[in-house]
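Visitor: The structure is given below, and queries will be raised subsequently.
The values are calculated or read from the model by the stated rules, or taken from the named source; none is laboratory data. All values reported here derive from a predicted model rather than from experimental measurement. In this analysis, Cβ positions are derived from the backbone assuming ideal geometry, glycine residues included, and neighbour counts consider all displayed protein chains.
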Amino acid sequence: MKVALNTKLNNELRAEGIMRDIVRNIQDMRKDAKLTPNDIVSIDYCGSRGINTIFEQFAKEIKKTVLAKNLLNGCSRENEAFLIKRDFDLDFGNGRKEKVWIGIKN
């Protein structure tokens, strides 16, 4: 018996991987900000159209996983007071990286 395995990433799988990378970074930020696993937060983000699409497409899952009451496209709010804020490079594949800024508030 032979089994074939398709190892190519399609756009859907690539988007899910980027979403998981976003969640991992937010969870690291929560830890660095000394938030407890029960603390509900608000997440502001700023990025390219591609990054905004990922946040919109996976909003429900991101909010549930990181205990966020809301996700706001916060490009105009980068100078506000946050518990923690950071810039990250996300790998979109084929050598293409895009920057995202994320801020966490109570």
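Visitor: Mind listing just one residue for me: the one in segment 40-52 that is among the β-branched types (Val, Ile, Thr) and out of contact with any Asp or Glu (no Cβ under 8 Å at 6 or more places or on another chain) and, of those, surrounded by the most Cβ atoms within 10 Å (Cβ to Cβ)?
Guide: First pass over segment 40-52, keeping only residues among the β-branched types (Val, Ile, Thr): 40-41, 43, 51.
Pick out the ones that are also out of contact with any Asp or Glu (no Cβ under 8 Å at 6 or more places or on another chain) and you get 40-41, 43.
Values: 40: 12, 41: 22, 43: 25.
Looking at residues that are among the β-branched types (Val, Ile, Thr) and out of contact with any Asp or Glu (no Cβ under 8 Å at 6 or more places or on another chain), I get 43.
Visitor: Still on this structure, I have one more. Just to be sure before I move on: is residue 21 charged (D, E, K, R) and either modelled with pLDDT under 95 or surrounded by 13 or more Cβ atoms within 10 Å (Cβ to Cβ) (or both) in the structure I sent?
Guide: On the way: charged (D, E, K, R): yes; either modelled with pLDDT under 95 or surrounded by 13 or more Cβ atoms within 10 Å (Cβ to Cβ) (or both): yes.
Yes; evaluated as a whole, the condition is true for this residue.
Visitor: Give the number of residues within segment 82-106 that are under 17 Å from residue 70 (Cβ atoms), of a type outside the set (A, V, I, L, M, F, W, C) and in contact with a Ser or Thr (Cβ under 8 Å, 6 or more places away or on another chain).
Guide: 2
Visitor: Quickly run through segment 53-85 and pick out the residues that are among the acidic types (Asp, Glu) and either loosely packed, with under 12 Cβ neighbours inside 10 Å or in contact with a strand residue (DSSP E or B) (Cβ under 9 Å, 6 or more places away or on another chain) (or both). Steps first, answer last, please.
Guide: Keep residues of segment 53-85 that are among the acidic types (Asp, Glu), which gives 56, 61, 78, 80.
Within segment 53-85, 56, 78, 80 meet the criteria.
Visitor: Okay, moving on. Tally up the residues in segment 45-68 that are within 20 Å of residue 28 (Cβ to Cβ) and of a type in the set (Lys, Arg), please.
Guide: 2
Visitor: Same structure, new question: What is the one condition in (1) surrounded by 10 or more Cβ atoms within 10 Å (Cβ to Cβ); (2) not in a helix (DSSP H, G or I) that residue 34 does not satisfy?
Guide: (1)
Visitor: I've got another one for you. If a residue has to be over 26 Å from residue 11 (Cα atoms), touching a residue at least 60 places away in the same chain (Cβ under 8 Å) and either assigned to a loop (DSSP other than H, G, I, E, B) or hydroxyl-bearing (Ser, Thr, Tyr) (or both) to count, how many in segment 59-106 make the cut?
Guide: Number of matching residues: 1.
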